[in-house]
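To keep things clear, I will list the structure first and then write my remarks on it.
The values are calculated or read from the model by the stated rules, or taken from the named source; none is laboratory data. Every value quoted in this text rests on a predicted model; they were computed, and no experiment measured them. Heads up, the Cβs are rebuilt from the backbone with ideal geometry, glycines too, and the neighbour counts pull from every protein chain shown.
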Amino acid sequence: MTARNDTWIALHRLMLVTRELDRVIGAADGHWHPALGEEGVVAGCYHGLRSGDALVPHYRGMLAACYARGGDLARLLAGLDGRATSYSRGRYRSDVCGPIELGVIGLYSGALGPTLEYAAGAALAAKLDAKGGVAVAVFGDGTASRGNFHEAVNLAAVLRLPVVFVCQNNQFAISTSAQQEHGGRIVDRAAGFGIPGELVDGNDVVAVHDALQAAVARARRGEGPALIDALTYRVGGHMASDPGTYRSGEEVEKWKTRDPIALHERRLLAEGVLDAAGVTALRAAVAAEVAAAMKQAQSDPMPGPEVLGLDRVFAGGGNGGTSVPLFRGA
Amino acid sequence: MARLTMQQAVVEGIAEEMRRDSGVFIMGLDIGRFGGPLNSCKGLWEEFGAARVIDTPISEGGIVGAGVGAALMGKRPIVDIMFLEYLSLVLQQLGCDAGAMHYYSDGKARVPLVVRAKFGVGPYHGHAYDYHAWVAHLPGIKVAMPSNACDAKGMMKAAIRDDNPVLFLEHMGLYHGAREEIPQGDAVVPLGEAKLVREGREATVVAIGAMVRRAQLAAEALAKEGIEIDIVDLRCVVPLDKARILESVAKTGRMVVVSESMKFCGSGAEIAALVAEEGFRFLKAPIERVATPNVPIPFARNLEKMIIPDEIGIAAAVRRTMKD
């Protein structure tokens with residue numbers, strides 16, 4: 001097999017994992033944020049980075065990003081309801097925040113936008129080290145309206161930081177449509193910052209992967225940041241329980257015909273990368289892997305009081321006060 | 001020994017740490033050739049160059065966020081946001097996120113970040129409000145506020161070496177004031193250790209930043225009346241040296257808390273609550289608070305002077321604890 005074929009299969013596999021996670025988690029949790037229809041952007045961005053690179057994922061696709069970085073799927077899933085076996089042992093939610101030990105900078109609060117600045121900072125650290133490291137930051141079109149986007153991209157442009165910003169443009173911020181969100185195209189903003197911008201078909205996983213890898217290679221060479229606008233569509237709801245009353249069923253159906261997994265599967269078959277049996281076997285393997293991980297996660301224990309760690313708020317210990325037992329009580 | 005102002009002492013502390021550790025760098029607005037507002041970075045660009053003394057656009061949230069990201073990757077950034085009123089622009093990054101990262105990551109993430117800001121009513125008009133209480137309330141961030149040049153240098157060195165985010169506050173009323181003998185060499189002042197700067201038996205005055213000097217002036221006036229007081233210079237609001245405060249109150253039985261920040265939900269309230277909870281049995285009189293009232297700081301000099309705690313108000317509060 002050629003390297004290209006390996007990459008294409010890996011991309012397909014990651015898309016399948018992303019969709020299977022949506023199916024399994026969404027069935028159990030109405031608050032889950034599915035990436036249904038957006039798997040091309042998720043897999044295209046998160047496959048193929050180096051271990052030293054900083055990955056700053058969008059929350060929609062976070063688990064797939066962590067899995068792509070070598071995260072243990074059962075531990076990631078255990079983090080959905082804060083089980084003791086999860087990476088944070090239950091101190092924080094895994095669906096929006098991946099483990100730093102995998103080189104992932106997640107969302108440490110519910111606010112979108114600051115992670116783009118953290119990506120710029122990770123890129124600044126890489127630039128100071130001068131070893132070719134990069135940062136990749138993925139964000140939604142809703143986040144693109146935040147001032148953080150403008151400050152982060154401008155700072156990266158001014159300092160020529162090795163960072164690639166990717167808009168996972170699913171054309172919705174909860175119920176707010178693209179027309180209500182943006183006065184112009186997100187990709188066109190790149191010119192205003194003086195950096196390259198590229199509009200790619202987010203439902204074509206290979207197009208996303210190739211565009212990202214080209215921008216990453218450019219950043220590694222010290223040629224500065226780039227912006228990729230990966231246009232896709234949020235076929236699923238904002239949350240699994242979203243009734244979707246704010247858009248037409250026709251629009252959703254139209255985008256379903258451009259399903260990124262179906263499109264890539266056709267390509268794999270047409271190019272002879274996989275045969276029908278291979279495609280089926282891959283789907284079955286992914287489903288089995290996710291099912292086993294979910295089963296494991298759901299049987300794992302919840303954290304005990306030892307995880308609370310009231311004196312572990314600060315690195316080096318302590319909770320902000322240095323009291324002495326002498327003065328406790330009467 | 002060199003005689004330095006607080007501004008010079010802070011810069012010397014930064015320069016020593018930058019020489020010691022190549023992972024230390026500083027970024028901010030106008031800190032390169034310009035030297036930083038009020039010379040906050042004077043000489044650093046000349047010595048360390050533009051790669052480690054980084055001029056940035058006016059993007060306080062962006063540069064504090066970039067500091068967080070670089071710190072997560074193992075650097076020790078210092079971010080100069082000029083003035084404390086811009087704290088409102090960085091609370092998400094510094095307050096909500098950076099302070100939580102170590103805990104939320106089960107100890108894996110470390111954010112060795114120093115955010116510098118100037119504040120304080122003094123010779124400069126504008127940018128003066130003391131908003132440190134916003135951050136003191138949030139878990140995971142240290143809040144340092146030196147009262148003199150010596151501490152300023154030693155605390156800055158400690159802040160840079162600390163593995164947690166530190167908000168480092170530099171009072172503009174002290175900045176270009178009295179020069180002090182600064183010990184050479186590695187004189188680190190640990191964060192979280194208050195200092196007893198005057199000893200007496202009758203009452204305890206707890207103060208921080210520019211209020212320490214005013215407490216000392218009040219103490220001189222009170223001494224003429226035969227009243228000798230302890231003055232505890234907190235040096236840090238977080239970590240709070242509870243033991244030092246309680247130790248002093250255990251001796252004197254009276255406490256006055258002085259704060260330039262606003263009284264309502266200010267850090268002085270926390271210190272009063274601490275003593276009420278853990279040291280009530282020592283108290284011979286109600287706790288007094290001397291703080292700025294909850295009003296936007298007025299502009300005219302004479303109006304401004306009326307609301308900031310001064311030595312007269314501090315001495316009067318001590319006397320109130322003494323009557324009966």
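Some notes on this structure:
- Single residue of A:Ala276, A:Ala281, A:Ala291, A:Ala297 found to be in contact with a Ser or Thr (Cβ under 8 Å, 6 or more places away or on another chain) and not acidic (Asp, Glu): A:Ala297
- Residue under evaluation A:Leu107, criteria (1) facing another protein chain (nearest Cβ under 9 Å); (2) without any contact (Cβ under 8 Å) to a residue 60 or more places away in the chain; (3) surrounded by fewer than 23 Cβ atoms within 10 Å (Cβ to Cβ); (4) assigned to a loop (DSSP other than H, G, I, E, B), criterion not met: (3)
- Positions within the stretch B:72-102 being in contact (Cβ under 8 Å) with a residue 60 or more places away in the chain, more than 9 Å from every other protein chain (Cβ to nearest Cβ) and either of a type in the set (Gly, Ala, Ser) or more than 17 Å from B:Glu170 (Cα to Cα) (or both), in sequence order: B:Arg76, B:Leu94
- Residue list for the stretch B:113-133, filter: surrounded by 21 or more Cβ atoms within 10 Å (Cβ to Cβ) and farther than 17 Å from B:Gln92 by Cα: B:Lys118, B:Phe119, B:Gly120, B:Val121, B:Ala128, B:Asp130
- Of all residues in the stretch A:126-135 being facing chain B (nearest Cβ under 8 Å) and touching a residue at least 60 places away in the same chain (Cβ under 8 Å), the one that is farthest from B:Gly49 (Cα to Cα): A:Ala135
- Subset of the stretch B:138-184 [assigned to a loop (DSSP other than H, G, I, E, B) and over 19 Å from B:Ile78 (Cβ atoms)]: B:Leu138, B:Pro139, B:Ser147, B:Asn148, B:His176, B:Gly177, B:Ala178, B:Arg179, B:Pro183, B:Gln184
- Condition check for B:Ser267: within 14 Å of chain A (Cβ to nearest Cβ), within 21 Å of B:Val143 (Cβ to Cβ) and at pLDDT below 95: yes
- Listed by first and then second residue, the pairs with beta-carbon distance under 7 Å, at least 6 apart or on different chains, first residue in the stretch A:239-261 and more than 15 Å from A:Gly202 (Cβ to Cβ), second at pLDDT below 95 and assigned to a helix (DSSP H, G or I), are A:Ala240/A:Gly26.
- Residues (farther than 20 Å from A:Asp259 by Cβ and touching a helix residue (DSSP H, G or I) at 6+ places or on another chain (Cβ under 7 Å)) located in the stretch A:41-62: A:Gly48, A:Ala54, A:Leu55, A:Val56, A:Pro57
- All positions within the stretch B:26-57 that are part of a loop (DSSP other than H, G, I, E, B) and out of contact with any helix residue (DSSP H, G or I) (no Cβ under 9 Å at 6 or more places or on another chain): B:Gly49, B:Ala50
- Within the stretch A:170-197, the set of residues being buried (at least 18 other Cβ atoms within 10 Å of the Cβ) and basic (Lys, Arg) comprises just one member, A:Arg189.
- The set of residues from the stretch B:86-128 being of a type in the set (Phe, Trp, Tyr) and part of a loop (DSSP other than H, G, I, E, B) comprises just one member, B:Tyr124.
- Leading residue by the ranking (nearest to B:Phe168 (Cα to Cα)) among those in the stretch B:272-287 that are away from chain A (no Cβ under 11 Å) and in contact with a strand residue (DSSP E or B) (Cβ under 6 Å, 6 or more places away or on another chain): B:Ala272
- Residue under evaluation B:Lys242, criteria (1) out of contact with any helix residue (DSSP H, G or I) (no Cβ under 7 Å at 6 or more places or on another chain); (2) within 9 Å of chain A (Cβ to nearest Cβ); (3) touching a residue at least 12 places away in the same chain (Cβ under 8 Å), criterion not met: (1)
- For the stretch A:110-130, a residue qualifies if it is in a loop (DSSP other than H, G, I, E, B), out of contact with any helix residue (DSSP H, G or I) (no Cβ under 7 Å at 6 or more places or on another chain) and at pLDDT 95 or above, and exactly one does: A:Ala130.
- Which listed residue, of A:Gly316, A:Gly304, A:Gly272, A:Gly329, is loosely packed, with under 12 Cβ neighbours inside 10 Å, on the phi > 0 side of the Ramachandran plot and at pLDDT 95 or above: A:Gly272
- Just one of the numbered conditions (1) among the small types (Gly, Ala, Ser); (2) at pLDDT 95 or above; (3) not assigned by TED's automatic domain parsing to the domain that holds B:Val318 is not true of B:Ala187: (2).
- Number of the condition not met by A:Arg50 [criteria: (1) charged (D, E, K, R); (2) within 17 Å of A:Arg283 (Cα to Cα); (3) not in a helix (DSSP H, G or I)]: (2)
- Hits in the stretch B:1-25 - residues which are in a loop (DSSP other than H, G, I, E, B) and of a type in the set (Gly, Ala, Ser): B:Ser22, B:Gly23
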